[in-house]
Amino acid sequence: MLIERTLAAVFGSNCYVLAAEPGAPALVVDPGAGAARGAMALMRSSHLRLGAILLTHGHADHVWDAQRLIDAAVTEGRVDAGPGGTADPTSVPVYIPQPDHYRLDDPAATTGITVDGKTFADLAGSAWLRPADVRPFPQDGFVHAVELVPGVAVRAVPAPGHSEGSTLFFLNARLGDNQLLFEAEALDDPADADERDYLVALDGDVIFKGSVGRTDLPGGDQYQMWATLRLLASAVDPDTVLLPGHGAATTMAHEHHANPYLAEAKVRGGETGA
């Protein structure tokens with residue numbers, strides 16, 4: 001499997017490009033403001049075609065370039081035609097967890113971030129373009145893995161707290177010499193980089209390396225975040241490679257030992273604030 005990362009210019013959000021193999025349809029995750037250019041470069045380098053976009057949640061810094069990426073792929077003829085070549089060559093589905101669906105009407109306003117009086121649109125230097133084909137992530141995907149593009153099957157676990165719809169997406173990936181594995185310290189010897197299976201989680205702004213997502217933005221909830229983190233700490237395999245929405249890749253094992261916010265959540269995850 002291919003898993004590559006590029007960075008968005010605004011707030012350094014991580015955007016991931018996944019595909020079963022070179023030349024296959026690509027699933028692009030969280031194309032933030034300025035990420036379209038890097039995502040297109042990654043797709044060109046592996047001869048990929050854009051098949052679908054997946055959003056881990058609806059904050060502006062994770063969704064802003066979704067339609068721009070689609071437009072760029074259409075312009076280059078790099079949209080997947082689907083089985084039998086019958087898909088609309090100008091349309092790409094954009095999947096988002098249902099609770100955050102409303103945010104795509106105006107992600108700058110619903111995210112609520114300003115910097116020195118500048119709105120997110122000011123920081124991005126562009127207006128919001130709502131994708132033409134927005135779909136809620138399939139409910140079946142919370143029960144078993146679903147393929148949004150051929151060969152890339154993801155299973156969703158709700159993880160509210162940072163936003164109402166924040167979700168982790170798990171997939172089994174056969175990987176070898178992948179830089180993200182070295183970064184996460186899942187591999188530390190280049191001579192031992194034979195392909196093997198990894199459990200990978202695209203975890204948005206839920207868990208970062210040494211930190212967690214903030215809860216003070218509209219729709220955030222500290223008590224929900226503690227409950228989410230306690231559940232993940234107890235249920236997720238320590239060997240799982242976490243690909244977060246910002247910063248370096250990590251593993252669940254590393255966060256058990258080095259993340260003070262996860263440690264706090266293990267104690268406070270049952271609190272309700274009542």
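The values are calculated or read from the model by the stated rules, or taken from the named source; none is laboratory data. Everything numeric here is computed off the predicted structure, so don't read it as measured data. Neighbour counts are summed over all protein chains in view; Cβ atoms, including those assigned to glycine, are modelled from backbone coordinates with ideal geometry. For accessibility, only protein heavy atoms count, side chains too; no ligands or nucleic acids. Shrake-Rupley method; radii C 1.70, N 1.55, O 1.52, S 1.80 Å.
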*Which of LEU48, LEU18, LEU231 moves most in a GNM of the chain, Cα contacts under 10 Å?*
LEU231
*Taking R0 as 30 Å, what's the FRET efficiency between ASP105 and ASP237 from their Cβ-Cβ distance, rounded to 0.05?*
0.25
*If ILE3, ILE113 are ordered by their accessible area, calculated over protein heavy atoms with a 1.4 Å probe, which sequence runs from highest to lowest?*
ILE113, ILE3
*Kindly report the accessible area of segment 1-138 per residue (heavy atoms of protein chains, probe 1.4 Å, no ligands, DNA or RNA), in Å².*
39
_What does DSSP give for the chain in terms of the percent of beta bridges that are antiparallel, rounded to the nearest 5?_
65
*Cα-based radius of gyration of segment 1-102 once divided by 2.2 N^0.38 Å, which approximates compact folds*: 0.99
*Could you tell me the accessible area of GLU21 in Å² (1.4 Å probe, neighbours in place), rounded to the nearest ten?*
110
*What's the center-to-center distance, using Cα atoms, between segment 110-187 and segment 246-274 in Å?*
19
_Ordering of 125-132, 156-163 by packing [mean C-beta count within 10 Å, highest first]_ = 156-163, 125-132
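Summing +1 for each Lys or Arg and -1 for each Asp or Glu, what net charge is found among the other residues whose Cβ lies under 11 Å from the Cβ of GLY82?
-1
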*the chain: calculated mean residue ellipticity at 222 nm from DSSP helix runs of at least 4, using -39500 (n - 2.57)*: -7000 deg cm²/dmol
*Relative contact order of segment 93-220, pairs being alpha-carbon contacts under 8 Å that are 6 or more residues apart, as %*: 23
*Solvent-accessible area per residue for segment 191-274 (1.4 angstrom probe, square angstrom)*: 46
*asked:* Can you compute the modelled spin-label distance between LEU129 and THR75, with each label point 7 Å from Cα toward Cβ, in nm?
replied: 0.8
*Would you mind telling me the share, in percent, of accessible area of segment 1-88 contributed by carbon and sulfur at probe 1.4 angstrom?*
52
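Which whole-number percent gives the relative contact order of segment 155-274, counting Cα pairs below 8 Å spaced six or more residues apart? Intermediate values should be presented prior to the final figure.
Numbers: 248 pairs, mean separation 35.3, N = 120.
After rounding, I find 29 percent.
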*From the Cα gyration tensor of the chain, with a ≥ b ≥ c the square roots of its eigenvalues, which class applies: rounded if a/c is under 1.5, or else prolate if a/b is larger than b/c, or else oblate?*
oblate
